[in-house]
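This report refers to the structure that appears directly beneath it.
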Amino acid sequence: MLAKRDSLPSSILASIRSRKKRLDPAYTEARPRSAGTLIASYNVHKCVGTDRRFDPERTSRVIHEIGADVIALQEADTRFGERTGILDLGRLERETGLIPVPVAGMAKAHGWHGNVVLFKKGLVHDVHQVKLPGLEPRGALVAEIELEEGGVLRIIAAHFGLLRHSRAQQARTLVELINDKHEMPTILLGDLNEWRLGDSSSLNTFQSAFGELPPATPSFPAGLPLLALDRIIANRKGIISEVEAHDTPLARIASDHLPIKALVDLKPAGG
């Protein structure tokens, strides 16, 4: 079992208590960043905020706030037609140092089915675009990145569908991908659109490849996050820190999701 069915209310209460703490001015003062590679996931909701305003500039400012070394974005392209990208990636690179992992055959779009992976430093060795099954057009972007601090990390950036049956199929597809190449440290991150716990949750599928999943971090809706739709999970125990929501005044209005983030450290303990 992934979790007891009665664990959701406790996670909601914990989220509310944590938010009260984060809103304390003493807590929100700049804190020193720990060592490691900061990774993040952010569903930018096509740059439409909770005020229903389309504002790519505001979205870019949130990405700047996060300060990630590697970040996966979802819904970064228009949904239909040519799937045109909606962020100024050139300006984003100048201001943050983040550059997109290259994808093939997407002349005007930023990524693959709205999935974009951006990184600051390191080398990209391999990139795969994975079409996920289901009634909605969904995909995942897989990139192997040689980190500047050492080690190679596989990133799987995904956006699951709204339908339960589709999510189950999509989870199985990614687990099969991981099982084929289990030797490499792998991070799955993105909007998995799964709010249920227990036997009916598609999250259960990931346990065979990722082991016990970390505690849920509510990220939706941004104004008062109660549901952990967004996830960061690893196939190696101890390589990611506790997942946190990037909960700032700007992030609460820029999208209907809050970004989530965690630190990755591939060095063995005591190494």
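List of remarks:
- Any hit, segment 14-35, residues being assigned to a helix (DSSP H, G or I), crowded, with 19+ Cβ neighbours inside 10 Å and modelled with pLDDT under 95: yes
- Looking across segment 241-250 at every residue that is touching a residue at least 12 places away in the same chain (Cβ under 8 Å) and surrounded by fewer than 23 Cβ atoms within 10 Å (Cβ to Cβ), the one that is nearest to E183 (Cα to Cα) is identified as S241.
- Subset tally (residues that are open to solvent by 20 Å² or more (accessible area, probe 1.4 Å) and small (G, A, S)) for segment 190-212: 3
- Within segment 123-158, tally of residues that are free of Cβ contacts under 8 Å to residues at least 24 places away in the same chain and among the hydrophobic types (A, V, I, L, M, F, W, C): 2
- Residue, nearest to P221 (Cα to Cα), within segment 68-84, restricted to residues that are in contact (Cβ under 8 Å) with a residue 24 or more places away in the chain and open to solvent by 20 Å² or more (accessible area, probe 1.4 Å): E75
- Only one of L177, L203 that is hydrophobic (A, V, I, L, M, F, W, C) and either in contact (Cβ under 8 Å) with a residue 60 or more places away in the chain or part of a strand (DSSP E or B) (or both): L203
- Among the residues making up segment 116-138, those that are under 19 Å from A40 (Cα atoms), modelled with pLDDT of 90 or more and buried (at least 17 other Cβ atoms within 10 Å of the Cβ) are V116, V117, L118, F119, K120, V127.
- Leading residue by the ranking (least open to solvent (accessible area, probe 1.4 Å)) among those in segment 213-240 that are in a loop (DSSP other than H, G, I, E, B) and charged (D, E, K, R): R236
The values are calculated or read from the model by the stated rules, or taken from the named source; none is laboratory data. All values derive from a computational prediction rather than experimental measurement. Note that we place each Cβ from the backbone using ideal geometry, even for glycine, and neighbour counts take in every protein chain shown. Accessible surface is based on the protein model in full, side chains and every heavy atom, while ligands, DNA and RNA are left aside. Shrake-Rupley method; radii C 1.70, N 1.55, O 1.52, S 1.80 Å.
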